[in-house]
Amino acid sequence: MGRAWVGSETKDWSLPLRTGVLAGQPSPASDGRGHYVTEADVISTVEETESKGESEEAGDTGDSGEYNVYSTFQSHEPDFDYLKSLEIEEKINKIRWLPQQNASRFLLSTNDKTIKLWKVSERDKRPEGYNLKDEEGRIKDISTITSLQVPVLKPTDLMVEVRPRRVFSNGHTYHVNSISINSDGETYLSADDLRINMWHLGITDRSFNIVDIKPVNMEDLTEVITAAEFHPHHCHLFVYSSSKGTLRLCDMRASALCDKHAKLYEEPEDPGSRSFFSEIISSVSDVKFSHSGRYMLTRDYLTAKVWDLHMDKGPVETYQVHEYLRSKLCSLYENDCIFDKFECVWNSSDSVIMTGAYNSFFRMFDRETGRGVTLEAWRESSKPRAVLRTRRVYTGGKRRRGDVGVDSLDFTKKILHMAWHPAENIIAIAATNNLYIFQDRVNPDALAQ
């Protein structure tokens with residue numbers, strides 16, 4: 001995993017690694033320099049959390065531009081569904097941090113079927129001076145104890161303990177694609193292709209089904225659930241997206257089963273532009289509420305859109321992420337890239353949005369000006385104080401030095417997963433089997449000019 005210093009003329013970035021978590025199995029041999037990268041090496045999700053107190057740079061190796069791993073643990077093991085004769089992968093689909101209440105942290109992780117709650121804690125002191133135990137922990141003979149002493153805590157090497165606290169299983173028939181923590185701090189939702197369940201963090205053997213779009217006859221199925229998220233402030237509201245490009249806002253105060261939505265958000269389709277690929281590229285791959293709770297950010301294959309909760313007739317902002325790929329949809333369909341699911345994130349002030357693309361590119365858009373910038377996550381960026389160059393894809397007109405042609409894009413180098421720190425201008429970018437972590441040290445709210 002790489003520590004990186006990046007930016008244009010106005011930016012300089014770095015990150016305390018311990019505020020984030022990623023899932024996957026990065027391999028030191030799979031370094032993007034011609035070595036083979038297996039599926040197990042690919043990072044499958046990234047999530048950051050806000051730390052209490054001062055952030056610490058754990059595992060910083062100085063001028064090497066890299067971090068040591070803070071902690072590694074096995075979340076899931078391969079399993080087998082004997083009833084359906086299906087193998088269940090150990091790959092982690094989503095990770096979500098719970099709000100921090102004390103020195104320990106808690107997180108939820110899920111594969112296709114099973115959700116687990118983990119406790120992450122640190123220990124840098126050990127007790128000494130027990131009365132009934134010797135230094136090796138063996139019980140003393142009481143008859144040999146002639147005096148009593150007060151045990152003391154002495155400093156020791158930092159130890160990170162990760163322990164499973166609860167396992168939430170048997171809640172989903174189909175593959176889990178989303179988990180979201182409720183603002184009440186006690187419940188969370190999990191969504192698969194056809195159902196959304198609500199769980200209590202203290203109850204593992206049952207959940208409450210709040211959305212079920214499975215038709216009586218599966219031949220009548222026209223859409224699936226692609227993502228779901230709770231509102232950041234109102235515990236009764238949540239939104240879910242579909243493969244038809246629609247968003248449904250649900251209010252649990254109106255009905256226990258939210259099959260009937262409170263609001264439907266969709267963009268009217270232009271009949272003249274409809275093609276074989278229209279429904280595929282309009283499928284929403286990710287949805288995120290803004291920190292204020294007023295807006296929703298969605299990502300489909302070609303665009304990122306911002307929706308106002310009060311306006312359901314269409315998005316209030318649309319950003320073209322890689323419109324130059326529209327002419328390549330046929331070849332992207334043949335190599336399955338058209339089905340890639342890109343994530344999108346807000347910055348801490350909701351003024352900038354970010355999403356991924358191909359060729360190790362990722363894009364940022366300033367909502368006030370509407371201007372966008374294309375940046376590249378690559379190994380040279382992980383050198384200390386290296387400047388991250390802005391990149392441009394050549395689509396016609398005058399070609400500049402350093403422009404990348406559309407036909408030269410590497411579609412195997414895709415940035416699907418990313419995270420933005422909820423309070424600071426810190427981002428984490430997962431590029432295949434590498435994690436790049438950037439921090440703006442100069443102007444947190446400025447977009448690269």
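The values are calculated or read from the model by the stated rules, or taken from the named source; none is laboratory data. Just so it is clear, the model here is predicted, and its values are computed rather than measured. Note that each Cβ is placed from the backbone with ideal geometry, even for glycine, and that neighbours are counted across all protein chains shown. With ligands, DNA and RNA removed, areas are computed over all heavy atoms of the protein, side chains included. Shrake-Rupley method; radii C 1.70, N 1.55, O 1.52, S 1.80 Å.
Carbon and sulfur: what percent of region 215-334's accessible surface (1.4 Å probe)?
Roughly 52 percent, rounded to a whole number.
Above 17 Å lies some portion of the pair distances; for region 136-180, what is it as a whole percent of all C-alpha pairs?
Taking all Cα-Cα pairs of region 136-180, the fraction more than 17 Å apart is 71 percent.
Would you kindly derive the ³J(HN,Hα) couplings of region 180-191 from the backbone phi angles with the Karplus curve 6.51 cos²θ - 1.76 cosθ + 1.60 (θ = phi - 60°), listing them in order in whole Hz, with x for Gly and Pro?
Whole-Hz 3J(HN,Hα) from phi for region 180-191: 8, 7, 7, 5, 6, x, 10, 10, 8, 10, 9, 10.
Could you check how much of the accessible area of region 69-176 is carbon and sulfur, as a whole percent, using a 1.4 Å probe?
Carbon with sulfur: 51 percent of the solvent-accessible area.
For region 229-297, what Kirkwood radius comes out of the mean inverse Cα-Cα distance, in Å?
Here the Kirkwood hydrodynamic radius works out to 13.3 Å.
Just to confirm the filter: which chymotrypsin sites (Phe, Trp or Tyr not before Pro) across region 255-287 are DSSP coil and have at most 11 other Cβ within 10 angstrom of their Cβ?
Those that pass, being in a loop and sparsely packed, are F276.
What FRET efficiency would be calculated for the residue pair F276, D312, taking the C-beta separation as r and a Förster radius of 25 Å, to the nearest 0.05?
E between F276 and D312, to the nearest 0.05, is 0.35.
What full-extension length gain, to one decimal in nm, is calculated for T395 and I145 as 0.36 nm per residue of separation minus the Cα-Cα distance?
Length gained, T395 through I145: 81.6 nm.
Select from region 214-309 those GluC sites (Glu not before Pro) which occupy a DSSP coil region and have at most 10 other Cβ atoms within 10 Å, ordered by residue number.
Counting only loop positions with at most 10 other Cβ atoms within 10 Å, none of the GluC sites (Glu not before Pro) in region 214-309 qualifies.
So the label point goes 7 Å from the Cα of S408 along Cα→C-beta, right? Which residues of region 286-326 then have their backbone N under 18 Å from it?
In region 286-326, the label zone of S408 (backbone N under 18 Å from the point 7 Å along Cα→Cβ) covers 324-325.
Can you tell me the equivalent ellipsoid semi-axes for region 260-385? Use √(5λ) from the Cα gyration tensor, largest first, whole Å.
The equivalent ellipsoid of region 260-385 has semi-axes of 25, 22, 12 Å.
Could you tell me the calculated FRET efficiency between V167 and K214, based on Cβ-Cβ distance and R0 = 25 angstrom, to the nearest 0.05?
With a Förster radius of 25 Å, E is 0.50.
Run the numbers for R371 and E323: contour at 0.36 nm per residue of separation, minus the present Cα-Cα distance, in nm.
15.8 nm
Please turn the phi angles of region 137-142 into ³J(HN,Hα) values with the Karplus equation 6.51 cos²θ - 1.76 cosθ + 1.60 (θ = phi - 60°), one per residue in order, whole Hz, x for glycine and proline.
Residue by residue, region 137-142 yields x, 7, 5, 7, 6, 4 Hz.
Which of the peptides 302-315, 150-163, 346-359 is most tightly packed, and how do the rest follow, going by the mean number of other Cβ atoms within 10 Å of each residue?
346-359, 302-315, 150-163
Please list the non-local residues whose amide H lies under 5 Å from the amide H of W378, H modeled 1.01 Å from N, same-chain partners needing a gap of 5 or more.
none
Kindly report the accessible area of region 142-205 per residue (heavy atoms of protein chains, probe 1.4 Å, no ligands, DNA or RNA), in Å².
58
Please work out the Cα center distance from region 332-370 to region 105-181, rounded to the nearest Å.
Centre-to-centre (Cα) distance: 38 Å.
What lysines sit close enough to K154 to cross-link, taking a C-alpha to C-alpha distance under 29 Å and skipping anything fewer than 8 places away on the same chain?
K52, K119, K125, K133, K140
Find the Rg to Rh ratio for region 178-333, where Rh is the Kirkwood radius over alpha-carbon pairs and Rg uses the same atoms.
Using Cα coordinates only, the ratio equals 0.99.
Using amide H atoms built in the peptide plane, which far-off residues or other-chain residues are under 5 Å from D251 H to H?
For D251, whose amide H was placed from the backbone, the distant partners under 5 Å are A262.
Cα-Cα over 27 Å: which of K305/K328; K116/K341; K94/K244; K260/K328; K116/K305?
Pairs exceeding 27 Å: K260/K328; K116/K305.
Which cross-chain or sequence-distant (5 or more) residues have an amide H under 5 Å from the amide H of S178, H modelled 1.01 Å from N in plane?
Hits under the 5 Å cutoff: A191.
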